[in-house]
């Protein structure tokens, strides 16, 4: 039997806990350490001593390479950031994970929305070509939102109570697709509506196609993600709206582990 991939988790919030649950259900991964960044330094874990080869950085705070590099100094061999990063290379399983090289020590698993959007956009672009597109995600509540109305450092709307409002918000998910699929760089942008549900979100992607295709042809081409064939529409053979559902918590956490397993296989 091949040795298990040993992982540690830094940040035990929603994603950190779900990554732990996914890891505990797998036979090829061993969870060796969990660290929460808000405990005293006396109890923080030296990853090397714990035997953690991979660290999942899921605090939502250490999202750039310089900050994430602290885990390498602590003895970890690789770091996977469970959020978009401004400077770490981003990978989406099923889209560009084969471009990963063993010398990359800090990578990002992108966002949950990018993990839904990128496979959908890749299939459409590979088959029919995308001229340009707009994306809207209807997104469940996250821990960054307010439980009651209050001030927000981001924008006024962001301070509204999450459980009682539909809140328009910005998202970098569509632009991030251009990082995992450079051929689409500059062709997609998008926005978000934060809605008062606990989990499960949906992407609405509207694109202009390079090659004409009926909606039936598009449905036949898509095999990745939970594509809602009945929810999408086509104005004509060159302008379509596609709808795809995604689990922004459990599904995303599963992809984090999938990426780690792939990285480990390449690094052997």
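The values are calculated or read from the model by the stated rules, or taken from the named source; none is laboratory data. Just so we're clear, the structure is a prediction, and the values are computed from it rather than from any experiment. Ideal geometry is used to build each Cβ from the backbone, glycine not excepted, and the neighbour counts take in all protein chains shown.
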>> Restricting to the range 88-104, count the residues that are modelled with pLDDT under 95 and either surrounded by 24 or more Cβ atoms within 10 Å (Cβ to Cβ) or outside the structural domain of residue 49 (by TED's automatic domain parsing) (or both).
In response: 0
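Yes or no, residue by residue, for (1) within 14 Å of residue 11 (Cα to Cα); (2) out of contact with any strand residue (DSSP E or B) (no Cβ under 9 Å at 6 or more places or on another chain):
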position: 35; (1), (2): yes, no
position: 45; (1), (2): yes, no
position: 51; (1), (2): no, no
position: 62; (1), (2): yes, no
position: 66; (1), (2): no, yes
position: 71; (1), (2): yes, no
position: 81; (1), (2): yes, no
position: 96; (1), (2): no, no
> Yes or no: residue 107 over 13 Å from the mean Cα position of the chain (by Cα) and in a strand (DSSP E or B)?
Replying inline: no
> Considering only residues of the range 144-159 that are out of contact with any helix residue (DSSP H, G or I) (no Cβ under 8 Å at 6 or more places or on another chain) and not in a helix (DSSP H, G or I), which is nearest to residue 114 (Cα to Cα)?
Replying inline: 144
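Taking the options 108, 85, 58, 140, name whichever one is closer than 18 Å to residue 266 by Cβ and modelled with pLDDT of 95 or more. It would help to see each step written out before you state the result.
On the way: 85 fails: closer than 18 Å to residue 266 by Cβ; 58 fails: closer than 18 Å to residue 266 by Cβ; 140 fails: closer than 18 Å to residue 266 by Cβ.
Being closer than 18 Å to residue 266 by Cβ and modelled with pLDDT of 95 or more holds for just one of 108, 85, 58, 140, which is 108.
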>> Kindly evaluate residue 107 against the criterion of being in contact (Cβ under 8 Å) with a residue 60 or more places away in the chain, surrounded by 13 or more Cβ atoms within 10 Å (Cβ to Cβ) and over 27 Å from residue 227 (Cα atoms).
In response: yes
> Of all the residues that make up the range 171-202, how many are in contact with a helix residue (DSSP H, G or I) (Cβ under 8 Å, 6 or more places away or on another chain), assigned to a loop (DSSP other than H, G, I, E, B), in contact (Cβ under 8 Å) with a residue 40 or more places away in the chain and under 20 Å from residue 95 (Cβ atoms)?
Replying inline: 3
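Out of 137, 147, 142, report the one residue that is more than 24 Å from residue 262 (Cα to Cα) and without any contact (Cβ under 8 Å) to a residue 40 or more places away in the chain. Spell out the reasoning first.
Details: 137 fails: without any contact (Cβ under 8 Å) to a residue 40 or more places away in the chain; 142 fails: without any contact (Cβ under 8 Å) to a residue 40 or more places away in the chain.
Unique residue meeting the criteria: 147.
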> Can residue 23 be described as modelled with pLDDT of 95 or more and under 30 Å from residue 126 (Cα atoms)?
Replying inline: no
> When you look at residue 162, is it crowded, with 17+ Cβ neighbours inside 10 Å and touching a helix residue (DSSP H, G or I) at 6+ places or on another chain (Cβ under 6 Å), yes or no?
Replying inline: no
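Out of the residues in the range 224-243 that are in a strand (DSSP E or B) and at pLDDT below 95, state the one that is surrounded by the most Cβ atoms within 10 Å (Cβ to Cβ).
Start the filter on the range 224-243 by keeping residues that are in a strand (DSSP E or B), which leaves 226-227, 233-236, 239-243.
Filter once more, keeping what is at pLDDT below 95: 226-227.
On the way: 226: 13, 227: 21.
Of everything passing the filter in the range 224-243, 227 is surrounded by the most Cβ atoms within 10 Å (Cβ to Cβ).
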> Given the range 1-101, what helices (runs of 4 or more DSSP H) lie entirely inside it while holding 1 or more residues that are touching a helix residue (DSSP H, G or I) at 6+ places or on another chain (Cβ under 8 Å) and either under 17 Å from residue 111 (Cα atoms) or touching a residue at least 60 places away in the same chain (Cβ under 8 Å) (or both)?
Replying inline: 14-24, 65-73
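Within the range 203-223, track down each residue that is surrounded by fewer than 21 Cβ atoms within 10 Å (Cβ to Cβ) and either outside the structural domain of residue 135 (by TED's automatic domain parsing) or touching a helix residue (DSSP H, G or I) at 6+ places or on another chain (Cβ under 9 Å) (or both).
Here is the first cut: in the range 203-223, the ones surrounded by fewer than 21 Cβ atoms within 10 Å (Cβ to Cβ) are 204, 206, 208, 210-217, 219-223.
Matches in the range 203-223: 210, 211, 213, 217, 221, 222, 223.
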> Quick one: in the range 204-218, which of the residues that are more than 24 Å from the chain's Cα centre (by Cα) and outside any loop (DSSP other than H, G, I, E, B) is nearest to residue 125 (Cα to Cα)?
Replying inline: 209
